[in-house]
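Everything below concerns the one structure shown next.
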Amino acid sequence: WSTKFPFLYDQGNVGCCTACSSNSLLFFAQHIKDDNSLTSRFVPSMLFTYFNSRALTGTTAVDAGSTLRDAIASLFKNGVCQETTWSVTRPISMRPSFAAFQEAQQNRALQYARVDINETSFRLALQNKHLIVLGLPVYRSFVLAPRGDVPMPSTSASTDPLLGYHAILLVGYDDNARRFRFRNSWGKKWGVVGYGTIPYAMVPACFDAWTILQATPDALSSNVRVLKP
């Protein structure tokens with residue numbers, strides 16, 4: 001599905017990876033067609049979702065990051081407006097305008113679900129056209145990965161230190177290579193035009209996996225548990 005998106009985020013120095021990945025997930029859930037084409041020019045506002053994610057925990061005054069659950073819950077509660085309505089040039093602590101909130105109600109997640117963190121659940125979700133937002137630890141080797149093909153982290157903390165945690169959007173998988181393909185939010189210069197891969201073996205280290213359901217919850221069989229915000 002990596003070729004289906006008409007836009008790619010670059011979060012820069014802002015800690016809004018959860019907003020970027022969740023917005024991309026919502027866009028896909030809204031616009032995927034039977035012919036597998038994404039035709040809309042709608043680009044969800046990065047800072048609108050980031051503000052509302054932090055509003056759920058009262059941390060809008062600082063660039064404190066947010067959880068994937070809060071990002072998804074904000075898309076359920078508030079939706080998201082267009083980037084042109086609430087652009088990335090706004091201060092991250094500024095509450096979006098009334099007009100932005102009004103517009104956002106037209107672009108909401110109607111139902112979302114947690115995905116069990118295992119290879120089988122991820123593959124099944126992707127087979128059913130449900131992309132997955134995923135939290136994972138980021139080591140130096142992730143940032144420096146040639147062509148975005150992230151290796152398993154080194155056992156040496158000195159040569160491959162843990163840098164923090166990140167959110168990505170899984171968009172596909174390759175059983176031959178035993179890798180999941182993902183969409184990053186670091187612009188087109190990272191990886192292959194903004195996309196990379198992680199090995200199946202990295203899945204146990206991941207956390208907080210979610211999807212937005214287009215139809216009924218059982219589309220992902222028993223591997224998802226439908227939750228309310």
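The values are calculated or read from the model by the stated rules, or taken from the named source; none is laboratory data. What you see is a predicted model; the values in this text were computed from it and never measured. Every residue, glycine among them, receives a Cβ derived from its backbone with ideal geometry; neighbour counts consider all protein chains shown.
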| field | I92 being modelled with pLDDT of 95 or more, touching a Lys or Arg at 6+ places or on another chain (Cβ under 9 Å) and farther than 15 Å from S21 by Cα | value | yes
| note | Pairing a residue in segment 39-64 that is surrounded by fewer than 24 Cβ atoms within 10 Å (Cβ to Cβ) with any residue that is assigned to a helix (DSSP H, G or I) and not aliphatic (A, V, I, L, M), where Cβ atoms lie under 6 Å and the two sit 6 or more apart in sequence or on different chains, gives S40/H31; L56/D70; T60/F51; T60/R54
| said: Just the residues that are outside any helix (DSSP H, G or I) and farther than 22 Å from A29 by Cα, please, taken from segment 53-68. | reply: L56, T57, G58, T59, T60, A61, V62, D63, A64, G65
| task | Looking at (1) more than 27 Å from V14 (Cα to Cα); (2) surrounded by 14 or more Cβ atoms within 10 Å (Cβ to Cβ); (3) among the hydrophobic types (A, V, I, L, M, F, W, C), find the lone condition where A167 falls short. | result | (1)
| field | Some residue of segment 91-109 being of a type in the set (G, A, S) and within 17 Å of C206 (Cα to Cα) | value | no
| note | Here the residues within segment 171-192 that are within 14 Å of L8 (Cα to Cα) and surrounded by 13 or more Cβ atoms within 10 Å (Cβ to Cβ) are V171, F182, R183, N184, S185, W186, G187, W190, G191, V192
